[in-house]
Structure formats: structure tokens, C-alpha cells
Amino acid sequence: MGHWSRSPRGSSWRPPGDVGLPGPAPPLPGAVGYGWSLDNVRGRKAALGQPGCGRRVTPPLSFPSLCGSFPPQSCIFSQFLNVGAAMVAWICVLRYVQFREWGIPKFPNRLCLGLGFLCALGASIVGNFQQTNEFSTHLFGSFLAFVVGVTYFWTQVVLLRLAKPRAQPGAPWIETLRLLLCGLCTALVVAMIVLHFWPRHSEAAVCEWSTAMLLFLLFGLLAVDFSDTTGFTISLQSRPRSCPSGAAHLPSL
């Protein structure tokens, strides 16, 4: 982005060269978030005699990762995603047990569980490795959170279509809604990648925000499937004293 420099008025900051793009907050006491400067845009319009040199120009929409790259936003961003990743992992365990009770075969059920864990891991990586510090690691986490996350829900749709459990709660249109949301998420992920390399960063940011909100909605829809669940218990099984120490294990989920 380049270093920040003080404008002639001494009251705002601007990055030389890059105009209208988000950057780190200026090093002023109490400054939080992003600094924007449109002086160069207005100056160039005035020099070229173009109209609108005094109008307010709306800055482009920022990516969620960019909004959480600088403190204190990065601290809140990281904490939010870490808590969300833990909740996603626990939801995936509950879904695995529910699928097992519905008669889903063990291998595809475990595959679905693994995809859910990778999605949770990706969300944690995105929160802990900001793009301004570890860009490649951040991109890897984004791939796990978005691409693998969408694949996780597609796997659920396919397994439910094949198994057709009788005990599945909820209205019949829930399955259709989940199918439509998965298709929309897939289209948004593809559009986000294409627009990012176009480059059309504001449109790509809209796709990224929309995909994140739809993934939240897909996880929220699982509350319908869990509505008839009365409880979930994890118990420890003690080994007999005659068994060797290597035989002690937790019962497999």
C-alpha cells in the first residue's frame, strides 16, 4: 500500500499512489480502523476539468479479512472466528451422531465429519493468520472455510437424498431450501474467485460477505434437524483390571 503521508492541511492521511483503497489506520493517537483519502481523486478531476470534483466519492467495499487485519478489529475478528470454529466442530459431531442414528453408512458419515472439521479449522486459521501477516496461510484457511465448508453441506444433501431417513424432522421444503442455499453458495464462491482475478475487488467482496452469511444460515438450519433431539451423552468406559493398559480407549463415536 505504501507509507502514509500527511496532507498539506495536516488533518488527514493518504497513501501515495493508491487512492480510494483501504489501508492501515494512520499513526495518530486514538485512530481506529481505516484511513480514506479522496484528495487525489478530486485533484485529478479538477485538473482535467471533469465535473464532480467536489462530490463525495463512495469508497469500495472491503473484504471481511481486510476489515479484521489491524488492531483492535483483528482481536475481535480472531476471537469471533475461534469461538465460531469451536461451535462448528461441536455441531459437526452432533450431526455425525445423528447421521449414524439415521443409518448413514460409516465411511461417508466420517468423510462428512472430516469436511466439517476442516471447515472449522479454516475459520480458525483465517482469524489467527491475518492477510497482512501471513497471506498464504490466510488464503489456505479461506479455502478450507469457504470451499470445504460448502462441500460439507453438499455432502449432507447427497447423503440425505440417498438415505432418505424417516425420522428427519422439519417441513418438506427445508430440504429444498438447503439445496438452493448450497447452489447459491457455490455460485458465489466461483464468482468471488473470478472477480478477484478480474480484478473487481468490490464485487468480489460482496460475494465473500454473501457466502459467509449463507454459511451461517446453513449452520442455523441444522437447528431444525436437532429439534427432536432430547440429549447427547459421552461416557467413559473403564477397562477391566485383567486387560492390558493398551486396551483402554474411549468408545468410538
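The values are calculated or read from the model by the stated rules, or taken from the named source; none is laboratory data. Please read all numbers here as calculations on a predicted model, not as lab measurements. A quick note on method: Cβ atoms are made from the backbone with ideal geometry, for glycine too, and the neighbour counts reach across all protein chains shown. When the accessible area is computed, the model is the full protein with side chains, heavy atoms only, and any ligands, DNA or RNA have been set aside. Shrake-Rupley method; radii C 1.70, N 1.55, O 1.52, S 1.80 Å.
Looking at Leu177, Leu160, Leu218, which is the one that is under 21 Å from Ile91 (Cβ atoms), hydrophobic (A, V, I, L, M, F, W, C), open to solvent by less than 30 Å² (accessible area, probe 1.4 Å) and in contact (Cβ under 8 Å) with a residue 40 or more places away in the chain?
Values: Leu177 fails: open to solvent by less than 30 Å² (accessible area, probe 1.4 Å); Leu160 fails: in contact (Cβ under 8 Å) with a residue 40 or more places away in the chain.
After applying the criteria, what remains is Leu218.
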Fill in the blank from the handout: Quick count over the stretch 187-205, residues being open to solvent by 50 Å² or more (accessible area, probe 1.4 Å) and either out of contact with any helix residue (DSSP H, G or I) (no Cβ under 6 Å at 6 or more places or on another chain) or closer than 24 Å to Pro105 by Cα (or both), is 9
Exercise for the section: May I ask you to verify whether Arg166 is charged (D, E, K, R) and at pLDDT 95 or above? Expected result: no
Problem - Verdict on Phe140 being closer than 16 Å to Cys92 by Cβ, modelled with pLDDT of 85 or more and open to solvent by 60 Å² or more (accessible area, probe 1.4 Å) - result: no
Exercise for the section: For the stretch 71-112, name all the residues that are surrounded by 21 or more Cβ atoms within 10 Å (Cβ to Cβ) and farther than 18 Å from Ala167 by Cβ. Expected result: Phe77, Leu81, Ala85, Val88, Cys92
